[in-house]
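**Student:** Please read through the structure below; I'll follow up with questions.
The values are calculated or read from the model by the stated rules, or taken from the named source; none is laboratory data. Note that the coordinates shown come from a computational prediction; the quantities given were computed from them, not determined experimentally. Cβ sites come from the backbone with ideal geometry, for glycine too, and all protein chains shown count toward neighbours. All accessible areas refer to the heavy atoms of the entire protein, side chains included, with ligands and DNA or RNA removed. Shrake-Rupley method; radii C 1.70, N 1.55, O 1.52, S 1.80 Å.
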Amino acid sequence: GVTTVVDYIANPATSFRPVSAGNTGALLYANPSPPPDGAQSLEGAEVEAKLISKIVPHSTVRTQSQAMKASLDFDLHELRPDVLVISAHAVAQSLSGPSYASWDQPTYPMEGDRRRFFLSHSGIFLAPDFDHGDSYGVLTLEEILDMKPEAPPSLVVLSACQTALGELNSGDEVI
């Protein structure tokens with residue numbers, strides 16, 4: 001049977017072609033550590049990222065403590081990857097109520113604050129940067145929407161729990 005995502009690609013070494021002008025390779029953030037309380041290490045994601053980096057030219061892999069929230073924006077600017085892959089734990093809050101225990105255990109807000117709550121309490125667990133006061137490493141949806149890389153990747157892949165939980169409404173994106 002198929003054991004990794006790489007098995008799904010017929011011949012990635014010859015079929016991978018950058019799409020964005022000036023962007024090359026892949027930036028892969030996998031198995032950030034330490035994982036959130038109670039979560040297991042994502043060792044399979046780390047193995048997968050290393051396999052992908054062997055077949056996609058000009059790839060950079062950040063794993064465990066190197067997969068820091070603080071370094072993602074820098075890496076996007078400096079490396080200008082055509083593909084960004086993040087394999088990590090995540091948390092999502094729905095607009096109708098919490099769906100998963102949040103990292104800071106907030107009190108659920110009143111009606112007018114629900115969208116802001118959703119954006120600021122849904123996110124991806126990357127490695128914290130303890131040296132600069134970041135004890136959680138959570139890249140929130142609000143922060144993601146505020147990112148403006150000069151040369152954004154043409155493909156972003158998120159592999160995490162709590163994904164694809166959004167509701168599809170006319171004119172809205174699914175988050």
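**Student:** Anything in region 46-68 that is open to solvent by 40 Å² or more (accessible area, probe 1.4 Å), part of a loop (DSSP other than H, G, I, E, B) and closer than 19 Å to P153 by Cα? List them, or say none.
**Tutor:** P57, H58
**Student:** Turning to a different aspect of this structure: So L95 passes all but one of these: (1) at pLDDT 90 or above; (2) in contact with a Lys or Arg (Cβ under 7 Å, 6 or more places away or on another chain). Which condition number does it fail?
**Tutor:** (1)
**Student:** When you go through (1) modelled with pLDDT under 80; (2) aliphatic (A, V, I, L, M); (3) open to solvent by less than 80 Å² (accessible area, probe 1.4 Å) one by one for A88, which number turns out not to apply?
**Tutor:** (1)
**Student:** Out of the residues in region 145-167 meeting the condition of being open to solvent by 80 Å² or more (accessible area, probe 1.4 Å), assigned to a loop (DSSP other than H, G, I, E, B) and closer than 22 Å to S120 by Cβ, tell me which one is modelled with the highest pLDDT.
**Tutor:** K148
Okay, residues lined up against (1) outside any loop (DSSP other than H, G, I, E, B); (2) surrounded by 14 or more Cβ atoms within 10 Å (Cβ to Cβ); (3) modelled with pLDDT of 85 or more; (4) more than 15 Å from the chain's Cα centre (by Cα):
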| residue | (1), (2), (3), (4) |
| --- | --- |
| A70 | yes, yes, yes, no |
| E78 | yes, no, yes, yes |
| L84 | yes, yes, yes, no |
| A101 | no, no, no, yes |
| P106 | no, no, no, yes |
| R116 | yes, no, no, yes |
| I124 | yes, yes, yes, no |
| S135 | no, no, no, yes |
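**Student:** For E142, only one of the following conditions fails: (1) open to solvent by less than 70 Å² (accessible area, probe 1.4 Å); (2) at pLDDT below 85; (3) in a loop (DSSP other than H, G, I, E, B). What is its number?
**Tutor:** Result: E142 fails condition (3) only.
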